[in-house]
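The values are calculated or read from the model by the stated rules, or taken from the named source; none is laboratory data. As the structure is a computational prediction, the values presented were derived from the model and not from experiment. Note that each Cβ is placed from the backbone with ideal geometry, even for glycine, and that neighbours are counted across all protein chains shown.
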Amino acid sequence: MQPNIDQELLFNLKLPAEADRLALVRSVVQRAIENAGCDNELAQKIVIAVNEACMNIIQHAYKDIKKGEFELELTRDKDSLYFRLIDHAPHIDLEKVKPRDLDDIRPGGLGIHFINEIMDDFKIGHLDNDKGNYMEMRINID
Amino acid sequence: MKYNEREESGYKLVEMSGDVDLSCSPQARKQILACLDNCDVGVLVDLSQVNYIDSSGIASLVEGYQTAKKNNLNFGLIGVSDAAMNVLQLARLDTVFPIHETVDDRLQAD
């Protein structure tokens, strides 16, 4: 999953898949997208979506694994921002990664709903080898 | 996340501040459930000083709300910050939780 050659790289982070790294992710994303011209309201929403995507990796993909890493990359192509996440956890069940019915009031399962609401589109998949997953999210900031 | 709790007219008032994310939401969940085990009327969670809350923090609140309901106790949110309200609205939970500006407002509504 390589970025298009026309896209400008804004940052690339490689981090341990640990919950206490989420604050750093939020801070880097907030700064980068404000520099890219996002207003504060949109920036806050994007931070929510990216935090949830990273959290899914930590909480679900690496659920049964003590140590793992993930990569987060942000690129820009004209008015679109692309967030790409890669992990090296076992393949996830892609069928389970769907927004759920919000009328069912229960804890959990909100992350993908947030991503779906905030981002213009997203896709998930498996890396070509026997391990690893990716997620790409796009949002127009014009 | 910083956390404080005190008693207020039979309620346990849980004051959270800072970022409520996956690094501390399991602790927030435990504390809310422990307060529900140990109160007369119910639990109120003050979110006025919360800068950020993610879906795991929201899940702790939903679990508190459901546990309170099951045990015939009250549950509510107080002084929800703009950042927390944005996330509650995204989850469409802003109309599910009883929300009041202050504890006094809540006590008057009871």
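Every residue in the range B:1-19 that is out of contact with any Lys or Arg (no Cβ under 6 Å at 6 or more places or on another chain) and either within 19 Å of residue B:72 (Cα to Cα) or β-branched (Val, Ile, Thr) (or both), please. Within the range B:1-19, B:7, B:8, B:9, B:10, B:11, B:12, B:14 qualify. Of the listed requirements (1) out of contact with any helix residue (DSSP H, G or I) (no Cβ under 8 Å at 6 or more places or on another chain); (2) surrounded by fewer than 18 Cβ atoms within 10 Å (Cβ to Cβ), residue A:84 misses just one: (2).
Among the residues of the range B:55-73, just one is touching a residue at least 24 places away in the same chain (Cβ under 8 Å), surrounded by fewer than 19 Cβ atoms within 10 Å (Cβ to Cβ) and not in a helix (DSSP H, G or I), namely B:71. Within the range A:105-129, the residues that satisfy the criterion of being within 11 Å of another protein chain (Cβ to nearest Cβ) and either outside any loop (DSSP other than H, G, I, E, B) or surrounded by fewer than 16 Cβ atoms within 10 Å (Cβ to Cβ) (or both) are A:105, A:106, A:108, A:111, A:112, A:113, A:114, A:115, A:116, A:117, A:118. Can you say whether residue B:24 is under 12 Å from the mean Cα position of the chain (by Cα) and among the hydrophobic types (A, V, I, L, M, F, W, C), as far as the supplied structure shows? So residue B:24 does not fit the description; no.
Please find, among B:32, B:78, B:99, the residue that is under 30 Å from residue A:17 (Cα atoms), among the aliphatic types (A, V, I, L, M) and either surrounded by fewer than 20 Cβ atoms within 10 Å (Cβ to Cβ) or away from chain A (no Cβ under 11 Å) (or both).
So the residue among B:32, B:78, B:99 that is under 30 Å from residue A:17 (Cα atoms), among the aliphatic types (A, V, I, L, M) and either surrounded by fewer than 20 Cβ atoms within 10 Å (Cβ to Cβ) or away from chain A (no Cβ under 11 Å) (or both) is B:32.
Report, by residue number, each residue of the range B:52-110 that is basic (Lys, Arg) and either at pLDDT below 95 or touching a Leu at 6+ places or on another chain (Cβ under 7 Å) (or both).
B:92, B:106
When B:51, B:4 are checked against the criterion of being in a strand (DSSP E or B) and more than 14 Å from the chain's Cα centre (by Cα), a single residue qualifies: B:51. If you go through the range A:53-73 and keep only what is closer than 23 Å to residue A:110 by Cβ, assigned to a strand (DSSP E or B) and more than 14 Å from chain B (Cβ to nearest Cβ), you end up with just A:72.
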